[in-house]
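Worksheet: one structure, shown below.
The values are calculated or read from the model by the stated rules, or taken from the named source; none is laboratory data. This one's a predicted model, so the numbers in the text were calculated from it and none came from an experiment. Backbone-built Cβ (ideal geometry, glycine too); neighbour counts: all protein chains shown. The area values use the complete protein model at the heavy-atom level, side chains included, leaving out ligands, DNA and RNA. Shrake-Rupley method; radii C 1.70, N 1.55, O 1.52, S 1.80 Å.
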Amino acid sequence: MNDLKFAFRQALKHKGSSLLAVLILALGIGGTTAVFSVADKVLLNPIPGRNSDRLVTLREVDIRHDSHWEVSPPLIEELASHSNLIESLTYCFQGPEERKFRVGEKDVTLRGATVAPNFFGLLELRPLAGRTFLPGDGSKETEQTIVIGEGLWQQYFGGDAHLIGRNIELDGKAYHVVGIMPSNVQFPFGSGDSQFWIPHVFTSEETNGDSDPRTRMWLTIARLHEAATLS
């Protein structure tokens, strides 16, 4: 107790040095926490969700010419039939252009991903609010739906708890907001490029026919069957 009293008196006597020491500690602790948060997301656990060690990406490869691409819709359909190897399969795509959101009286350009309806289910990602996509979402016969990220929700919609169930305008079209994903979900293209997700179901025109090189654009992710090894 005497030591504590002495230390307290010295701290009051040298207020400048004490304040500097506290600031240095605060900066050190804050900086370490920030670096660990980034390293944990990017290096230690880059893909959110459970059992990510069973996930693989698939690509089309031309062995003779040492060329490789993303996957075309016909091949995605074929790969999904290999149930002895693949438990489930999903796909996603991002075009080079930004998309225009209508927020109040102004347009905001953002980037997002077009994904399969089972995208979040395969990755075992849970929404912060609302739901993810249903099997029928993304087809031409159903209402256009969208899942947005927490950052977009907070920055442009003020964290409005009643946004789910309402329509927002994207590229001049109405999209029904069904869910909000937490800020740690930035997959597959990173925080600045995965601000929202739109579902897409392949049409018969896309899946029938040959593997057109122009359609080899879908990043394809599969969850391996429990009995299957990587080799």
Failed condition for residue 222, given (1) assigned to a loop (DSSP other than H, G, I, E, B); (2) in contact (Cβ under 8 Å) with a residue 60 or more places away in the chain
(1)
Would region 146-164 turn up any residue that is open to solvent by less than 30 Å² (accessible area, probe 1.4 Å), in contact with a His (Cβ under 9 Å, 6 or more places away or on another chain) and either on the phi < 0 side of the Ramachandran plot or touching a residue at least 40 places away in the same chain (Cβ under 8 Å) (or both)?
yes
Being out of contact with any Pro (no Cβ under 9 Å at 6 or more places or on another chain) and buried (at least 19 other Cβ atoms within 10 Å of the Cβ) is the filter; apply it to region 171-187 and report the residue that is farthest from residue 140 (Cα to Cα).
177
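Can you find even one residue in region 108-125 that is touching an Asp or Glu at 6+ places or on another chain (Cβ under 6 Å) and within 29 Å of residue 75 (Cα to Cα)?
So the first thing to find is which residues in region 108-125 are touching an Asp or Glu at 6+ places or on another chain (Cβ under 6 Å), and the list is 109, 111, 117.
Adding the requirement that they be within 29 Å of residue 75 (Cα to Cα) leaves 111, 117.
Yes; the residues of region 108-125 include at least one that is touching an Asp or Glu at 6+ places or on another chain (Cβ under 6 Å) and within 29 Å of residue 75 (Cα to Cα).
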For region 44-127, please list each of the strands (runs of 3 or more DSSP E) lying entirely inside it that holds at least 1 residues being more than 21 Å from residue 204 (Cα to Cα), polar (S, T, N, Q) and free of Cβ contacts under 8 Å to residues at least 12 places away in the same chain.
67-69, 106-110
Just a yes or no: is a residue in region 128-147 within 13 Å of the chain's Cα centre (by Cα) and within 30 Å of residue 231 (Cβ to Cβ)?
no
In region 143-198, residue farthest from residue 93 (Cα to Cα) [restricted to those that are in a loop (DSSP other than H, G, I, E, B) and of a type in the set (Phe, Trp, Tyr)]
187
Test of understanding: among 126, 131, which residue is of a type in the set (Lys, Arg), at pLDDT 90 or above, touching a strand residue (DSSP E or B) at 6+ places or on another chain (Cβ under 6 Å) and open to solvent by 50 Å² or more (accessible area, probe 1.4 Å)?
131
